[in-house]
Each structure stands twice: as C-alpha cells, then as structure tokens.
Amino acid sequence: MTGPVIVGGGLAGGAAAAILARGGARPLVLERETEPRDKICGEFLSTEAQTHLAALGLDLERLGGAPIGAVRLVAGHRQAQARLPFAALGLSRRRLDAALLEHAEALGAKVERGTSVRTITADAVETSRGALPAPTLLLASGKHDVRGARRVEQAGVLGDMVGFKTYFRLSPPQLAALDGVVEVVLFAGGYAGLQRIEGDLANLCLVVRRRAFEAAGKTWAALLDRLLEEPHLARRLGDGEAVLAKPLTIADIPYGFTHRGRDERPGLFRLGDQAAVIPSFSGDGMSIALHSARLAAQTLADGAPAAAYHRRLRGDVGRQVALATWLQRRAEGWPGRHAAVWALGLAPAAIDRLAAWTRVPDAALRRAGLEPRRAAGA
Ligand SMILES: Cc1cc2nc3c(=O)[nH]c(=O)nc-3n(C[C@H](O)[C@H](O)[C@H](O)COP(=O)(O)OP(=O)(O)OC[C@H]3O[C@@H](n4cnc5c(N)ncnc54)[C@H](O)[C@@H]3O)c2cc1C
C-alpha cells in the first residue's frame, strides 16, 4: 500500500515525516533541493517551536544555537527593551532543517532529495523523476505553490512584501551588544530583525513593501544603503562584513493567509506556509509549521479527512495570524512605529500579552498532546 507522500522537506514536511514514521507509516518525502541550503528566515526559534522539536526527539542542544531572552524594538533614535516571557534560540535553518530530515529518515521515513513535484492531480503527483500515486498527500512546499493545488487568494492578505535575508560578521563590540537579544528595527515601509545564530554570525532578515524597495532603487545594494540610513543599523552593521555573496530574497509573501479548506480532495493536507502565513515579526512561523505537521499526523491516525485537520489548525492559529497581520499594518506608518517603541518602553511586561496573542497558544499545544516548555524569562 502507498504511504503518505510529503511534498517538501522543510520544517513542516520533516516534522510530519518524523511523526508518521514513528507511528509506523512509511512516508515518502520529496524535496527538490539536493542538499541543505540557507533559507529566508529570521531563524528565531520560539519556545513553541522548541516544544515541538523536543517532542519529536530532536536534540536541540546538540545543534547549538544562540540563546535569546529579550527583544529590543527600535525606530529611528528611540528604542525599548523587554524580557521575553520564554527562552528563544537563534539557529540556522540550514542546520535545523537538515537535522530534522535526517531524524525523520532515521525513524523510517524515505527521503528523496533532488525530486521536484511539478503538478498535483486528483490522486497522484508528477515529479521531475516521473509520476507517483499519492492518494494521501501532505503539501509542505512552503511559500511556493505547486501547479494543480494553488492556494486561493484571500482579501485582507498583505501580499506585496519582499523578504531578504543575509548573514553578517559583526565587529566584536556590536556582536556583544546583540548577546541574548533579538532586535526589531522599524523603518518606513518595513522592518528588519537582527539576532545572533550559532557560530558568532548575525542574521539580518527584513521585509519591505514592494513600493519601498522600488523607491530605494530596486537592488539589494541600494536597499542596504537605505537601511544604513537608520542610525541603529548603521551602528550595528557599519563596520560588519556581509557573509553571503548576495542575499536570499522572496517576493509576494502572503502574510495573513490561512487556508479555509474548502473544495479540496479529502486526502490533501496543507502544512506549514501552505496552510497559514503569520507575519515574520511574531517569530512563530516555524512553530505553526511544526504544529500543523503534528495535527495532520494525528488526523491521519484518526482516519479523519483533511477538512477536519484544516478546521482544527485554523481554530488553533487563525486568530493569531489575523492579529499579527493587523499589528504589522498598524506599525507601518511613522506614528505606529514610534507608538510601538513608546508603548514597549512604558510597559515592558505587555510583551507577555502580545506574545500570547500572536503565537500558537499553550492550550493548543496541550490539545495536541504537548507540554509547553517554559524557561529562563518565564
Ligand atoms: C522574511 C521571513 C522571516 C521569517 N522569520 C521567522 C522567524 O524568525 N521565526 C519563525 O518561526 N518563522 C519565521 N519565518 C517563517 C518561517 O520561515 C516559515 O513559516 C517556515 O519556514 C515554514 O515552513 P514550511 O516547512 O512550511 O516551509 P519551508 O521551510 O519553506 O519548506 C518548504 C520545502 O519545500 C521544498 N519545496 C518547495 N517546492 C517544492 C516542490 N515543488 N517539490 C519538492 N519540494 C519543494 C523547498 O525546497 C523547502 O525545503 C519567516 C518568514 C519570512 C518570509
């Protein structure tokens, strides 16, 4: 009998493969990349994501990662800092995704790297290596749609953002100033996240409105020049060195999207970014991807249809995605940016509420059979 076919070996696909394999199914993961690569991501691993990864049996300590216990919000010359209500980690996706996929393989999943799924049909997939039956299909291709199963566009989605990610080697004093902190720098038309990951590197990840990118000159070099007009980024990055020859980029990120699960075949499960895309500042996209994997595997084990899974996932994270999208819009203009920094400076404890409203809730983790990890800052 054909086991579940998983399209995409990122976090959602890797996690689903690990859970299904551990449960005795023989999932097949089709991943188009031949080897681990850098990914567009701020690489802020929230406590919810760590809870999921630990439950999969992944040894996070072995992977290293830079501890993060505070957030610093910056707009122009103003800044405010608050202790996070949990202990986060800065860990590269190259390292994390590879470890998860290897883990799934060790548990019995079959992983086929270098296979790209080109089309999804009623009960099969057409790949770069031929066609395969796939009555049960877990679509975990991230932000990339696959022909035959494109996501339905939704009103209210913030769809004109462009994302960039690169690594910097910072000067010792600037690296030390980032110790234990994730910095979120708000500027006209977007925001940037800066934090340490393993190996003394700093991840600079940003999203900008397309029109702001065009106004800056439509190239990475021009955008970086524009960013260096921000006093905080000029200080941090000014004497640093970019590590990647060019940044990773992604356009048209559908922030605010949540799959409604209508009119699809009963065996098609959308995981991760195929199911919900939360604004990046929340630092919880990875946790939603992992959560979706667990719910999909549980639904399959119960013999329930994909629609039941999609309803459950939407119930768990729909409100958080909508609120984070609303907040991202509010913080765009000058008053919103400065009000955000002012409010955090005035009431740093409010970060607890904000975190609770824009993340996978503890209750949802418990319903999925997990005990939330709370550490350091809690
Ligand atoms: C700018 C930015 C910053 C972010 N920062 C953070 C953060 O700091 N913290 C956080 O928690 N989240 C963050 N996120 C969100 C997070 O990166 C995603 O939510 C998460 O990667 C989703 O995981 P996924 O498994 O669904 O997709 P992915 O991780 O994108 O994996 C998809 C996989 O599918 C493969 N694939 C795609 N198409 C095909 C195909 N046709 N055939 C075969 N394989 C295919 C790809 O190669 C890839 O390996 C950020 C997102 C953006 C855009």
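Normalising the average separation of contacting C-alpha pairs (under 8 angstrom, six or more residues apart) by the number of residues puts the relative contact order of the stretch 228-378 at 22 percent. Working note: 222 nm ellipticity from helices only, DSSP H runs with n ≥ 4, each -39,500 (n - 2.57), summed and divided by the residues of the chain, gives -11000 deg cm²/dmol to the nearest 500.
In the chain, how many lysine pairs have Cα atoms under 19 Å apart, counting only pairs 8 or more places apart or on different chains? Present the calculation step by step, with values, prior to reporting the outcome.
Numbers: 39/143; 39/165; 39/246; 143/165; 165/218; 165/246; 218/246.
Counting lysine pairs in the chain gives 7.
For the stretch 135-277, the convex hull spanned by the alpha carbon atoms encloses 142 Å³ per residue. Taking Cβ atoms as reference points and 12 Å as the exclusive limit, the residues near residue 358 contribute a net charge of 0, counting Lys and Arg as +1 and Asp and Glu as -1.
Taking 0.36 nm per intervening residue step and subtracting the Cα-Cα distance, what contour gain separates residue 160 from residue 338 on full extension? Intermediate values should be presented prior to the final figure.
Working: separation 178, 0.36 × 178 = 64.08 nm, distance 2.29 nm.
Residue separation times 0.36 nm, minus the Cα-Cα distance, leaves 61.8 nm.
R0 = 30 Å: FRET efficiency of residue 260 with residue 221, Cβ-based, nearest 0.05? Don't skip to the answer; put the middle values down first.
Details: r = 40 Å, r/R0 = 1.35.
Using R0 = 30 Å, I get an efficiency of 0.15.
For the stretch 283-343, the C-alpha radius of gyration divided by 2.2 N^0.38 Å, with N the number of residues, is 1.56. Pairs of Cα atoms nearer than 8 Å and 6+ residues apart set the relative contact order; for the chain it is 24 percent.
Taking the Cα centre of the stretch 54-107 as reference, the dipole from Cβ charges on Lys and Arg (+1) and Asp and Glu (-1) amounts to some 460 debye.
Under unit Cβ charges (Lys, Arg +1; Asp, Glu -1), what dipole magnitude, rounded to 20 debye, does the stretch 1-118 have relative to its Cα centre? Each step should come with its number before you reach the end.
Working: 15 positive and 12 negative charges, 58 e Å.
Dipole magnitude for the stretch 1-118 comes out near 280 debye.
Each semi-axis of the equivalent ellipsoid for the stretch 198-276 is √(5λ) with λ an eigenvalue of the Cα gyration tensor; in descending order they amount to 35, 17, 11 Å. Dimensions of the stretch 84-157 along the principal axes, based on C-alpha atoms and rounded to the nearest Å, stand at 45, 41, 19, largest first.
Using 1/(1 + (r/R0)^6) with R0 = 45 angstrom and r between the beta carbons of residue 367 and residue 144, what's the FRET efficiency to the nearest 0.05? Before the final figure, lay out the partial values.
On the way: r = 30 Å, r/R0 = 0.66.
Calculated value: 0.90.
Under a Cβ-only charge scheme (Lys and Arg +1, Asp and Glu -1), can you give me the dipole magnitude of the chain about the Cα centre, in debye to the nearest 20? Walk me through the numbers before you get to the answer.
On the way: 49 positive and 38 negative charges, 145 e Å.
Once rounded to the nearest 20, the dipole reads 700 debye.
How many angstrom lie between the Cα centre of the stretch 304-378 and the Cα centre of the stretch 181-219? The stretch 304-378 and the stretch 181-219 have Cα centres spaced 21 Å from each other.
Between the helical axis of 93-106 and the longest alpha-carbon principal axis of the chain there is an angle of about 20 degrees. Helix 285-302 and the long axis of the chain differ in direction by around 20°, with both axes built from C-alpha atoms.
Under the √(5λ) rule applied to the eigenvalues of the Cα gyration tensor, what semi-axes describe the equivalent ellipsoid of the chain? Give them in Å, descending. Numbers along the way, then the final one.
On the way: eigenvalues 227, 91, 84 Å².
They are 34, 21, 20 Å, listed from largest to smallest.
Give the accessible surface of the chain per residue, rounded to a whole number of Å², with probe radius 1.4 Å and ligands, DNA and RNA excluded.
Numbers: 16080 Å² over 378 residues.
Accessible area per residue, the chain: 43 Å².
With viscosity 0.890 mPa s and temperature 25 °C, the Kirkwood radius over alpha carbon pairs of the stretch 176-237 converts through Stokes-Einstein to a diffusion coefficient of 201 µm²/s.
How large is the convex hull of the C-alpha atoms of the stretch 1-134 per residue, in Å³? Spell out each step's value before the answer.
Details: hull volume 18.5 nm³, N = 134.
About 138 Å³ per residue, rounded to a whole number.
Between the helical axis of 334-346 and the longest alpha-carbon principal axis of the chain there is an angle of about 90 degrees. Considering only 71, 197, 297, and ranking their Cα positions along the charge dipole of the chain that arises from unit charges at the beta-carbon of Lys, Arg, Asp and Glu, the one farthest toward the positive end is 297. Exposed loop sites were defined as GluC sites (Glu not before Pro) in DSSP loop states (anything but H, G, I, E or B) carrying at most 16 other C-beta atoms within 10 Å; in the chain the longest segment without such a site runs 230-378. Within the accessible area of the chain, the carbon and sulfur atoms contribute 53%, probe 1.4 Å, all protein chains present. Rg and Dmax of the stretch 246-369, based on Cα coordinates, read 16.4, 51 Å.
The values are calculated or read from the model by the stated rules, or taken from the named source; none is laboratory data. Just so it is clear, the model here is predicted, and its values are computed rather than measured. As a convention, Cβ positions derive from the backbone with ideal geometry for all residues, glycine included, and neighbour counts pool all protein chains shown. When the accessible area is computed, the model is the full protein with side chains, heavy atoms only, and any ligands, DNA or RNA have been set aside. Shrake-Rupley method; radii C 1.70, N 1.55, O 1.52, S 1.80 Å.
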